[in-house]
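Bear in mind that the values in this text are calculations on the coordinates, not laboratory data. None of these values were measured; they are calculated from a predicted model. Neighbour counts run over all protein chains shown; Cβ positions are idealised from the backbone, glycine included.
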Amino acid sequence: MASQELQIPKHVAFIMDGNGRWAKKRFMPRTYGHRKGVKALKRTIRALDELGVEYATFYAFSTENWKRPADEVTELMKIFDEQLDGLVQYENENIRLRFIGDRDGLPQTLRDKMKHYEELSENRTGLTVIIAINYGGHDELCRAAKKMLLSAKDGFISESDITPELYKSFLDTGDMPNVDLMIRTGGEIRISNFLLWQIAYAELYFCDTLWPDFGKSELIKAVTEYSRRDRRFGRIK
Ligand code: IPE
Ligand code: IPE
Ligand code: MG
């Protein structure tokens, strides 16, 4: 890397982990940690925008998170519903908001709000913020396969059309670039079923910081580390 030159990734994905532990350390309920997590999300969006990142995907609720106690799940859905308004009324108002995951099974009011904000922001030209709610990598790959099968039944595609490019177009992230940098906070070194297809060549960055403590300086640390990585994509240098 040339001295201090930051390489800005086009697409950064975040596994926002550690809200519960952050709250527990303060003898507070886990949901307090989730509320502080939203503040960290907003700080991070602002910092990404300043850096010139084009796409940022945030893991908010996994297909596996339904296994949590019902009161935590209900509270999380309530937080998503309440906080969506604040996300697009972001000061420069140029954020494009998108959602990935299976919307079936989410509360109808939340689904309506998601659709509303996607439509409201679709022509914006700034940072695209993608929130993953009821998202699982396996589930997304299965839903894509089902869509492809229907498309084949309707005569639009046939077996010989199936390529990685075509498959990708059926994913929830079909029109978005693959991930360049994946950041997981909270100390666990795993992917937890996030963006399995899209991280094929992502640089992975894990830090111990709990998500509610994440912000601009942590992001810059991650991007600095990313800038030092030698991305070969199978080639030699
Ligand atoms: C991540 O924080 C947020 C969600 C999964 C919704 P956690 O709730 O997993 O926090 P920890 O990992 O228990 O600390
Ligand atoms: C991953 O965190 C999911 C989200 C951040 C939404 P988890 O806390 O659910 O992951 P595991 O269970 O530790 O793998
Ligand atoms: Mg966790």
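What to note about this one:
Every residue, every condition in (1) of a type in the set (K, R); (2) under 13 Å from the mean Cα position of the chain (by Cα); (3) under 26 Å from E50 (Cβ atoms), yes or no:
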site: Y167; (1), (2), (3): no, no, no
site: D172; (1), (2), (3): no, yes, no
site: Y205; (1), (2), (3): no, no, yes
site: D208; (1), (2), (3): no, no, yes
site: G215; (1), (2), (3): no, no, yes
site: I220; (1), (2), (3): no, no, yes
site: T224; (1), (2), (3): no, no, yes
site: R229; (1), (2), (3): yes, no, yes
site: G234; (1), (2), (3): no, no, no
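- Residues (of a type outside the set (K, R), within 25 Å of F170 (Cβ to Cβ) and not in a loop (DSSP other than H, G, I, E, B)) located in segment 88-111: L97, F99, I100, L110
- Within segment 112-144, being within 18 Å of the chain's Cα centre (by Cα), surrounded by fewer than 16 Cβ atoms within 10 Å (Cβ to Cβ) and assigned to a helix (DSSP H, G or I) holds for K115, E118, H138, L141.
The rows are residues; the columns are (1) of a type outside the set (D, E, K, R); (2) in a loop (DSSP other than H, G, I, E, B); (3) closer than 30 Å to E165 by Cα.
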site: M182; (1), (2), (3): yes, no, yes
site: G186; (1), (2), (3): yes, yes, no
site: I189; (1), (2), (3): yes, yes, yes
site: S192; (1), (2), (3): yes, yes, yes
site: W197; (1), (2), (3): yes, yes, yes
site: E218; (1), (2), (3): no, no, no
site: V223; (1), (2), (3): yes, no, yes
site: F233; (1), (2), (3): yes, yes, yes
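- Residue list for segment 37-87, restricted to those being closer than 25 Å to D104 by Cβ, in a helix (DSSP H, G or I) and away from ligand 3 (no atom under 16 Å from the Cβ): A70, D71, T74, M77, K78, F80, D81, E82, Q83, L84, D85, L87
- Residue in segment 69-79 that is surrounded by 13 or more Cβ atoms within 10 Å (Cβ to Cβ) and away from ligand 1 (no atom under 15 Å from the Cβ) present: no
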